[in-house]
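J.: The structure follows.
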Ligand code: FES
Ligand code: FES
């Protein structure tokens, strides 16, 4: 019986549920014996010149081994995003100027963990405050510059062409609006951590919490000015990443440098408060959407103008508007699509990827636009979507932006979601409540989405070895941190070889064992790394057959795998001699190493329907139900796939309702702890209704697309739309995310005022 | 600061050490005893990753000083794993595995202990009670869906039936004729 598509419980779990996982801060690795603890002194001011740093008192504090400032570090300050103006480098430790609250200013190394914060308090830094640039429009004016040498706050412009003034000329109806896709925090439950030790061989072992060992190795080596072969990155278990742990953080290289400088291993693990300003944050686009079409519901033209906030030091966030522009038209077949984006620096935490990374921003924008257009012409939001989505016979479909969507049935996904939710009945309930004038109104939101997965690195490698004892070992270049690759990759190998899942070990995240790998990000893993394991299994079978042919004295063509016995047998000859993979391994190493290259991205899609209840007297929103159709092709393990969808849906709801990273006008973060940030608990969320739909991609032999981010991309616009829908009878057309009670209540007050 | 001697029974074993009065119980467990299942995810008593049982009641060990636990009994997730240290016979940990109630695993030890405490307090749990009972424990990965199911299973409930009842109670709330609204 095939193991594909079955609910195999995770092989990772027994350790995780008994001794617990081993995260970077849990390590007892002997290489870290005698490690110093690093505590960073961070700027409490968003924008200032540093007039003096006095570390003398801190040096005298108990347990202090060293206190360093930027003046002590002989490395060139790195540019954290290659495409940004070259002046926008981030100092290892700021010496002249600080540009965001949380920027490292001094490094304190102590014998014991508790001594670090004590000593750090004694570091005396004098700041001369500068006006802070927090708002992106303010930044665009270039009046206050973060990097005077650069001469501008703009770090990137995508599409410099002026907008065509006649773009909407043939549209009967045109609607435009500025909306905000607010900044959110990835808030992985494990904060960032790194530990480094240099060996006698001149190599550094660097343990980090990250989504890609190989990428982190290359970046750290580059920053330290050493050859990549000198850095051995090991990823212990990683407590969540959600995009924010893509790429090395400068702190990683600092830890390695400090370990070399002091000649002792160094450990670093940040506090949550540090994490909420120090770790990269996501989204943060100010968008102007303009949509035009005819009164019969046909959308003809769509324009998206984006101003994105890179934060103080440009990082991956500068690139993400590229994804937003690529996915601008969403699931819709629109004749004319136009977009542009400008990315600026501000005195805030740097931005980078967060679950969806550029695509949720595109989806939320087009979905709001569709709703605004539907409201303007008085059409049902589900109906307008079905009229405009790309028809199934048009696939592969090339959008106006030149993006090729591989496969999809967008209208069917919407229909499935409408059916599951009994949409017509929901509308009746809504109507009845409105007629009664209830204080508690319900809103129904419909989203249709398509996203891009595996859009970064298309290739991934895998090695597979069967041992003489019948066990197998897989090394993968992906980098699971909750996704369950150890289980999923074992299933893929088991399917072909017949070796039971519990006899297959999957390992990852060690650059000495897997020198090349793309890590886990952008929902790429299954369609690249998973397929690579499948391909490795087939190649291992070929190798085994070639060797078995001699032993069994048969031609290779006559051999097949007997998965019940994990052996090679002669086809159609029961009772004739066989040889197992284990026996072959006993004679000679049985191992393959392969690279699968899909060469292209895939495009999962779906549709969500959300129902919210809005208390019009308090503005409080409750998500009652959400039905999600998320089609990422065939499902390898429904348990894991559903888990990814659940987590994604929750994060999308969280963005729609609760979460926002807020800075005051001076650049002070107001959400720098978990007591202030709107991270939802179980009490704020419902259970989720998942609907199955599986449309394979032709891009890889197993038809897999990515599922990691789909839930987030589909749920946020559905929930936001539902909140607005609950109040549409008051004339409300839009409320920015997060739709907090205050915002909803204010929108209601404004609507009532206008009405009166 | 003079150190203080503490005697704390941890997972059935007596432990003793001279500790700084400010040492958090979470750090005592992790650093002094090497029991690293218990995690620390915040500095504002918000996340619950550090949840343990103190004399049978779930507490956040980042908000208890080791000296406050003197003469008391602490149970961490390691304490549910039997003599061998790797047993999944415990109904809570077994349910977390069966229901895929964990992904990255960082919230898991705290969640497992919170669920253990919750069931001890009220064995007759429904979905709402689980959700409200776990309000102090954050998970970024699972969206709580499967954690809630695991808690229901551990409490001897049928998670499908319980989720159905809860969903229908939402339906009841949103059905015509039933409204908490003022009607004005
Ligand atoms: S670490 Fe104890 S509540 Fe977060
Ligand atoms: S499983 Fe990752 S935080 Fe809960």
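J.: Looking at the stretch A:182-271, what % of its DSSP beta bridges pair antiparallel, to the nearest 5?
T.: Details: 9 of 13 bridges.
That works out to approximately 70 percent antiparallel.
J.: Just order A:209-218, A:532-541 by mean Cβ neighbour count inside 10 Å, highest at the front, would you?
T.: Values: A:209-218: 25.6, A:532-541: 23.9.
Order by mean packing, descending: A:209-218, A:532-541.
J.: If we restrict to alpha carbons, what Rg and Dmax does the stretch A:196-310 come to, in Å?
T.: Cα radius of gyration and Dmax of the stretch A:196-310 are 21.1, 75 Å respectively.
J.: Per residue of A:639-647, how many C-beta atoms from partner chains lie within 10 Å of its own C-beta, taken as a mean? Display every interim value, and only then the final one.
T.: Details: counts 4, 2, 0, 4, 10, 4, 2, 9, 10.
Taking the mean over all residues of the peptide, I get 5.
J.: Using a Förster distance of 60 angstrom, determine the FRET efficiency expected from the C-beta separation of residue A:571 and residue A:227, and round it to 0.05.
T.: Here the calculated transfer efficiency is 0.75.
J.: Stretched out fully, how many nm does the piece from residue A:96 to residue A:400 gain, at 0.36 nm a residue minus the Cα gap?
T.: 104.7 nm
J.: Here's a follow-up. Provide a whole-number value for the mean count of partner chain Cβ atoms within 10 Å of the Cβ atoms in peptide B:57-67. Numbers along the way, then the final one.
T.: Numbers: counts 0, 0, 0, 0, 0, 0, 0, 0, 0, 0, 0.
Across the residues of B:57-67, the mean count of other-chain Cβ atoms within 10 Å is 0.
J.: Give me the inter-chain shielding for A:437-444: mean count of other chain Cβ atoms within 10 Å, whole number please. Present the calculation step by step, with values, prior to reporting the outcome.
T.: Working: counts 4, 6, 6, 7, 2, 3, 0, 1.
If you average over the peptide's residues, the count of other-chain Cβ atoms is 4.
J.: So if R0 is 51 Å, what FRET efficiency would residue A:180 and residue A:560 give, r being the distance between their Cβ atoms, rounded to the nearest 0.05? Before the final figure, lay out each step's value.
T.: Working: r = 59 Å, r/R0 = 1.16.
The calculated FRET efficiency here is 0.30.
J.: Quickly rank B:159-168, A:631-640 as a protection proxy: mean count of other C-beta atoms within 10 Å, highest first. Mind showing how you got there, number by number?
T.: Details: B:159-168: 16.2, A:631-640: 22.6.
Descending mean neighbour count gives A:631-640, B:159-168.
J.: Work out how far the C-alpha atoms of the stretch B:18-96 reach from end to end along every principal axis, then list the three figures in whole Å, largest first.
T.: 37, 27, 21
J.: In addition: Separation between the residue A:666 and residue B:84 pseudo-spin-labels, each 7 Å from Cα along Cα→Cβ, expressed in nm?
T.: So the two model labels end up 6.0 nm from each other.
J.: Dividing the Cα radius of gyration by the Kirkwood radius, what Rg/Rh value follows for the stretch A:455-597? Working shown, then result.
T.: Values: Rg = 15.5 Å, Rh = 15.3 Å.
Taking Rg over the Kirkwood Rh, I get 1.01.
J.: Could you tell me whether the stretch A:22-68 comes out rounded, prolate or oblate from its Cα gyration tensor? Rule is a ≥ b ≥ c as square roots of the eigenvalues, rounded for a/c under 1.5, then prolate if a/b exceeds b/c, otherwise oblate. Let's see the in-between values first.
T.: Numbers: a/c = 4.15, a/b = 1.74, b/c = 2.39.
Taking the square roots of the gyration eigenvalues as a ≥ b ≥ c, the stretch A:22-68 is oblate.
J.: Calculated from DSSP H runs of 4 or more alone, at -39500 (n - 2.57) each and per residue, what is the 222 nm mean residue ellipticity of chain B, nearest 500?
T.: Working: 5 runs with 55 residues, N = 184.
That comes out to -9000 deg cm²/dmol.
J.: OK, next. Once the piece of chain linking residue B:124 and residue B:161 is laid out straight, how much longer is it, given 0.36 nm per residue of separation minus the C-alpha distance between them? Each step should come with its number before you reach the end.
T.: On the way: separation 37, 0.36 × 37 = 13.32 nm, distance 1.41 nm.
Going from the current span to full extension adds 11.9 nm.
J.: Could I ask something else about it? What number does the stretch A:34-130 give for Rg over Rh if you use C-alpha atoms and the Kirkwood radius?
T.: Numbers: Rg = 14.0 Å, Rh = 13.9 Å.
Rounded to two decimals, Rg/Rh equals 1.00.
J.: So how far, in whole Å, is the C-alpha centre of the stretch B:88-165 from the one of the stretch A:700-756?
T.: 29
J.: If I model a spin label at residue B:44 and residue A:468 as a point 7 Å from the Cα along the Cα→Cβ vector, what separation in nanometres do I get?
T.: 5.9
J.: If you wrap a convex hull around the alpha carbons of the stretch A:597-663, what volume per residue comes out, as a whole number of Å³? The partial results should precede the final answer.
T.: Numbers: hull volume 9.6 nm³, N = 67.
Hull volume over Cα atoms, normalised by residue count, gives 143 Å³.
J.: Translational diffusion coefficient, Stokes-Einstein: compute it for the stretch A:420-513 using the Kirkwood radius over C-alpha pairs as Rh, at 20 °C and 1.002 mPa s, and state it as an integer in µm² s⁻¹. Kindly include the intermediate steps, with their values, before the conclusion.
T.: On the way: Rh = 17.9 Å.
Estimated diffusion coefficient is 120 µm²/s.
J.: Distances longer than 14 Å among the Cα atoms of the stretch A:387-468: what percent of all pairs is that?
T.: Numbers: 2523 of 3321 pairs.
Counting every Cα pair in the stretch A:387-468, those more than 14 Å apart make up 76 percent.
J.: So, in nm, how far is label residue A:288 from label residue A:76 when the simple model puts each one 7 Å beyond its Cα toward the Cβ?
T.: For residue A:288 paired with residue A:76, the spin-label model returns 3.9 nm.
J.: Please work out how much length the chain gains when fully extended from residue A:49 to residue A:589, using 0.36 nm per residue of separation minus the C-alpha to C-alpha distance, in nm with one decimal. Don't skip to the answer; put the middle values down first.
T.: Details: separation 540, 0.36 × 540 = 194.40 nm, distance 6.20 nm.
Using 0.36 nm per residue and subtracting the Cα-Cα distance, I get 188.2 nm.
J.: If you don't mind, another one. Given the peptides A:143-151, A:478-486, A:680-688, A:7-15, arrange them by the average over their residues of other C-beta atoms within 10 Å, most packed first.
T.: A:478-486, A:680-688, A:7-15, A:143-151
J.: Where does chain A land at 222 nm, in deg cm²/dmol rounded to the nearest 500, when only DSSP H runs of n ≥ 4 count, each adding -39500 (n - 2.57), divided by all residues?
T.: Numbers: 18 runs with 205 residues, N = 756.
After summing the helix terms and dividing by residue count, I get -8500 deg cm²/dmol.
J.: Could you give me the radius of gyration and the Dmax of the stretch A:291-394, taking only the C-alpha atoms into account and expressing both in angstrom?
T.: 15.5, 49
J.: Can I ask one more? With chain B treated as a Gaussian network of Cα nodes joined by springs under 10 Å, which of B:33, B:134, B:118 yields the largest mean-square fluctuation?
T.: B:33
J.: For the stretch A:311-353, take N as its residue count and report Rg(C-alpha) divided by 2.2 N^0.38 Å. Provide the component values of the computation, followed by the final result.
T.: Numbers: Rg = 13.1 Å, N = 43, 2.2 N^0.38 = 9.2 Å.
The value comes to 1.42.
J.: On to the next question. What FRET efficiency, computed as 1/(1 + (r/R0)^6) with R0 = 30 Å and r the Cβ-Cβ distance, is obtained for residue B:132 and residue B:63, rounded to the nearest 0.05?
T.: Details: r = 20 Å, r/R0 = 0.67.
Efficiency for this residue pair is about 0.90.
J.: Hey, another quick one. Bin by bin, in steps of 10 Å, what percent of the Cα pairs in chain B do you find, going until the bin that has the longest distance?
T.: 10, 34, 30, 16, 7, 3, 1
J.: Per the Kirkwood definition applied to all pairs of different Cα atoms, how many angstroms is the hydrodynamic radius of chain A? Write out the running numbers ahead of the final one.
T.: Details: mean 1/r = 0.0363 Å⁻¹.
For chain A, the Kirkwood estimate is 27.5 Å.
J.: Next question. So if the hydrodynamic radius of the stretch A:691-756 is defined as the Kirkwood radius over C-alpha pairs, what does Stokes-Einstein give as its diffusion coefficient at 20 °C and 1.002 mPa s, in µm² per second?
T.: Details: Rh = 14.6 Å.
D = 146 µm²/s.
Where a number appears in this text, it was derived from the coordinates with a stated rule and is not lab data. Being a predicted model, the structure only gives us computed values, none of them experimental. Because the Cβ atoms are built from the backbone with ideal geometry, glycine has one as well, and the counts that use them run over all protein chains shown.
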